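The values are calculated or read from the model by the stated rules, or taken from the named source; none is laboratory data. Every value quoted in this text rests on a predicted model; they were computed, and no experiment measured them. Neighbour counts run over all protein chains shown; Cβ positions are idealised from the backbone, glycine included.
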Amino acid sequence: MNRIKSVLLDRHSHKIQVKPRLNIMNTIVRSSCLCVFALAGAVSAAAVGSNATPVQIQIDCAKPTVELSPYLYGLFFEDINYGADGGLYAELVQNRSFEYFNIEPRDRLREKTAGDMNPMYAWEVIERGGGKCQTTVSRWTPLNRANENYLTIYIDKPGDGVGVANLGYDGIRIAKGETYDVSLYALLRDGDKDESLVVSLEGEDGTVYGSFQTGSLTPSWQKYSGTITASQSTDKARLTIVTKAKKGKLLLDMVSLFPQKTFKGRKNGLRPDLAQALADLHPKFLRFPGGCTVHGYGLAQAYRWKDSVGDVAKRRANHTTWGYHETLGLGYYEYFQFCEDIGAAPLPVLPVGVSCGFNFYEYADMDELDDWIQDVLDLIEFANGSVDSKWGGLRARMGHPEPFGLKYICLGNEEHDKPQVRERFPLFVEAVKKAHPEIMIIGTSGIGANIPLYPLMKKLGVHSSDEHYYNDPAWFIKNQNRFDTVDRNGPKRFVGEYASNGNTLFNAIAEAVYLTGIERNGDIVEMAAYAPLLAHVDHVHWGKANMIYFDRQGLVKTPNYYVQQMFSCSKGDVYLSNRVLSENTNATPNLAVSATRDNSAKEIIVKLVNYGDQKVDADIYLEGVTQVVRKTEVTLLAGDPKAVNTLQHPDVVVPKTTVLKAGEQFEYRIPAYSVQIIRIGME
Ligand code: AHR
């Protein structure tokens, strides 16, 4: 019988007991493992056929080390890569209120993206059967002060109709039999009585897929609403608005086309497939509305939450840091509602009067800072205040009299370490602590893994501090022990944005390795979120990696998504110390382990991440357990480390769940390049 000789990892262990290793060759457990192995499919050629490295994994089930944060896994959402407008936000009309504008590029990096936005973006003029018109975007008769631009169509000759078509986000996707809500504001000056508009869904060749006619136009702004049921499916439809009025000046604004089918049927809601994919991650928090988007390209473009609530027609569109427009139709109310719908704690991020340091620095003057601080206090009132308060009242009028139960507030995103930041930040913390001691403040550790602002956060006594890093897989593997020795007396740690710069299986594996280290320190690391979350395949601004890619029709979940889902759905409540012992010091397995216990499910959860090209034969010992349920579930993500999922081939790397037999001690073959979660029931 072999004896395990060397100790590779010793997590929170006290005394290592070397156990005799079993002969695994002819056991039933081994065949179960092989079954799992085979089902997993494409294990790399390097691993197949090579000798497996034997290890012993000892898990001390009787002595939990730390309690894991109940909020550990969540989401970070930002309108980047068309994540909100053109993505999660279900509105199908692009530039619905003619507010798109360019901002002068101030550095070369931004020039490409800031280029072609203008008030007629995504709109085309229609002149049918000899019709003639001229169009201009003007501001003389605004719908309201937040939404100043509108389109004027001067009717020169009616012909068979003049008007405009909206092209959506590279085309409008409609599905046969689905009904769409249409609304717009219009007025007709110097025209005849009883003129109206015909609003249609049309194909590129003019085929009409459904339409409705408005009531008579008047000389003052009126809202017109109707529904269209699509007679065909296409993702290249356009919304046309045509009048046969013989003369006059037609004004249009706030043209909207919304599918009735939204996530949970919410009005002004979310695209169901994308929202469901997020819900399926079972996130415990949602950080929103972004990172750099919050600071703004410059302070004038900072995300001010008050612009994003109330009537959608009164929200101020914004040119984002990412070079396109956000309508703020998906605004704070909708974010809070989405949090409620998916059971995630809301984590709003508010700017601290400092613009995004990657563009250029702009700081709010010290004597204007009160305004920015008041925004934070007012947001807390919007979320939690009584219906009799100013902002709580608005929440109630928007349809949610009950408070949203806000517990956390994030101040700043990833401010650079500058004297102006150090001067301003404490004033925000002071004001929130004074007015709302019940609210937990999440501060920022600054740019990068060196967390330059963490000492300031510690001095200010914030609840937790947010750190971000986008590095290569090797960094995540090398830094898997990052939190083992961190200061337990400072603020908790929030890994608010991280990714290993790629969407291969190996990237996902590297992230899983890092997560095992986070779970081991789940007392001090309170929250973690992968970033960015969503990317439209034709509008990727963050080229390194994103968690979910989508187009107008569908989406693809990356291997990174599946790792997040696997960890989030099998976190456990307490961490169990564990050790990996190997008999061969020359063949150190590249193995990361996390062991936890789920108290309510009465399960031991063992996460094994093999980031090497050798399979590993593990003898797993559950110490301190007397009765285990023999039937155990294994969820395995494995394959070619270079494999990726695409919209065309979404299932190259997907987790598979199988059943294996386990006991207080059992054997399991860990495939090369794999992440697996074994859930062992206890009686
Ligand atoms: O996730 C993309 C960007 O990365 C975020 O906007 C910002 O916080 C970070 O720099």
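Tabulated data for the structure shown
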| quantity | calculated |
| --- | --- |
| Leading residue by the ranking (farthest from the ligand (Cβ to nearest atom)) among those in the range 455-483 that are acidic (Asp, Glu) and crowded, with 17+ Cβ neighbours inside 10 Å | 467 |
| Those residues of the range 53-100 which are within 26 Å of the chain's Cα centre (by Cα), hydroxyl-bearing (Ser, Thr, Tyr) and assigned to a strand (DSSP E or B), in sequence order | 73, 89 |
| Qualifying residues in the range 219-248 (those that are surrounded by fewer than 17 Cβ atoms within 10 Å (Cβ to Cβ) and charged (D, E, K, R)) - the one nearest to the chain's Cα centre (by Cα) | 235 |
| Some residue of the range 351-367 being more than 28 Å from residue 419 (Cα to Cα), away from the ligand (no atom under 16 Å from the Cβ) and buried (at least 19 other Cβ atoms within 10 Å of the Cβ) | no |
| Spans of strands (runs of 3 or more DSSP E) in the range 179-246 with at least 3 residues charged (D, E, K, R) and in contact (Cβ under 8 Å) with a residue 60 or more places away in the chain | 234-243 |
| Test: residue in the range 629-638 that is in a loop (DSSP other than H, G, I, E, B), touching a Leu at 6+ places or on another chain (Cβ under 7 Å) and of a type outside the set (D, E, K, R) | no |
| Qualifying residue in the range 457-477 (condition: assigned to a strand (DSSP E or B) and either of a type in the set (Asp, Glu) or at pLDDT below 95 (or both)) | yes |
| Exclusive hit being in contact with a Gly (Cβ under 9 Å, 6 or more places away or on another chain), of a type outside the set (A, V, I, L, M) and away from the ligand (no atom under 16 Å from the Cβ), set 603, 623 | 603 |
| Criterion violated by residue 375 - all others in (1) in contact with a helix residue (DSSP H, G or I) (Cβ under 8 Å, 6 or more places away or on another chain); (2) within 25 Å of residue 344 (Cα to Cα); (3) exposed (fewer than 13 other Cβ atoms within 10 Å of the Cβ); (4) not aromatic (Phe, Trp, Tyr) satisfied | (3) |
| Selection within the range 491-540 - among the polar types (S, T, N, Q), within 16 Å of the ligand (Cβ to nearest atom) and assigned to a loop (DSSP other than H, G, I, E, B) | 500, 501, 503 |
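Here is a yes/no grid of residues against (1) of a type in the set (Lys, Arg); (2) touching a Lys or Arg at 6+ places or on another chain (Cβ under 7 Å); (3) away from the ligand (no atom under 16 Å from the Cβ):
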{"position": "52", "(1), (2), (3)": "no, yes, yes"}
{"position": "56", "(1), (2), (3)": "no, yes, yes"}
{"position": "62", "(1), (2), (3)": "no, no, yes"}
{"position": "71", "(1), (2), (3)": "no, yes, yes"}
{"position": "78", "(1), (2), (3)": "no, no, no"}
{"position": "83", "(1), (2), (3)": "no, no, no"}
{"position": "88", "(1), (2), (3)": "no, yes, no"}
{"position": "91", "(1), (2), (3)": "no, no, yes"}
{"position": "94", "(1), (2), (3)": "no, no, yes"}
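Here is a yes/no grid of residues against (1) of a type outside the set (Lys, Arg); (2) modelled with pLDDT of 95 or more:
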| residue | (1), (2) |
| --- | --- |
| 578 | yes, yes |
| 607 | no, yes |
| 614 | yes, no |
| 636 | yes, yes |
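Yes/no per residue for (1) surrounded by fewer than 20 Cβ atoms within 10 Å (Cβ to Cβ); (2) over 25 Å from residue 608 (Cα atoms):
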| position | (1), (2) |
| --- | --- |
| 438 | yes, yes |
| 444 | no, yes |
| 453 | no, yes |
| 485 | yes, no |
| 489 | yes, yes |
| 498 | no, no |
| 512 | no, no |
| 528 | no, no |
| 537 | yes, yes |
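To keep it simple, each residue is scored yes or no on (1) within 16 Å of the ligand (Cβ to nearest atom); (2) outside the structural domain of residue 362 (by TED's automatic domain parsing); (3) modelled with pLDDT under 95; (4) among the basic types (Lys, Arg).
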position	(1), (2), (3), (4)
254	no, yes, no, no
275	no, no, no, no
279	no, no, no, no
286	yes, no, no, no
297	yes, no, yes, no
300	no, no, yes, no
304	no, no, no, yes
320	yes, no, yes, no
323	yes, no, yes, no
